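Working notes, structure below.
Values quoted throughout were computed directly from the atomic coordinates according to the rules given, and no laboratory measurement underlies them. The structure presented is a predicted model; accordingly, all values stated were derived computationally and were not measured. Note that we place each Cβ from the backbone using ideal geometry, even for glycine, and neighbour counts take in every protein chain shown.
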Amino acid sequence: MSDEEDDELTKWRKERGIPEEEVQRLFSPELRELRLLEKLERRVEENDSESRQRDEEIKRNIEFIVRQQAQFGTDMQQLRETQARSEQKWERTAEGINALLAIAEIHQQEINELRQAQAQAQARTDAQVAEARVRADAKSAETDERLNALINTVERIISERRNGGRKEAEGSDE
């Protein structure tokens, strides 16, 4: 036997109050088996303690995972609700954009109609101005003719007076 085994044996003997002689008598394979059984019992107790600690750690881990899963479920529900609200806002925004696009198309059509009406009005105005110009030109030509006739008449009268006035002055000299 080693010194270590002797020390253990002495300790074991003293713990149980067994005299040294008795140990010598009992120092046999049975005693060895008994010591081995006691060692085995200590190891079983240690393993049991370790097992309980592992079980407690596993329980804590499981509880943590369950809490995390519950939090994850709550977060997912909140995300679903947020997404639903975002989709509703997007739909309203799309509807608003479509309405604005329809209004813009109506305005564009109205602008095109106004341009056409303006072009037609401008064409009428241009035609009226051209017609008025033709009438004004005709009146101007007529006025020019009358004015020329008046001028010719005035010149003839003046010319006749001059000639007539000379004839009278020449006739009185005779």
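Brief remarks on what is shown
- Whole-Å distance, taken between Cα centres, linking region 42-76 and region 79-137: 71 Å
- Cα Rg over Rh - the chain, Kirkwood: 2.12
- Point-to-point label distance, Thr93-Arg43, nm (Cα→Cβ direction, 7 Å offset): 7.0 nm
- Each stretch of four or more DSSP H residues adds -39500 (n - 2.57); spread over every residue of the chain, this sum gives -36000 deg cm²/dmol at 222 nm.
- Extension gain for Arg135-Leu100 works out to 7.5 nm (0.36 nm per residue, less the C-alpha to C-alpha distance).
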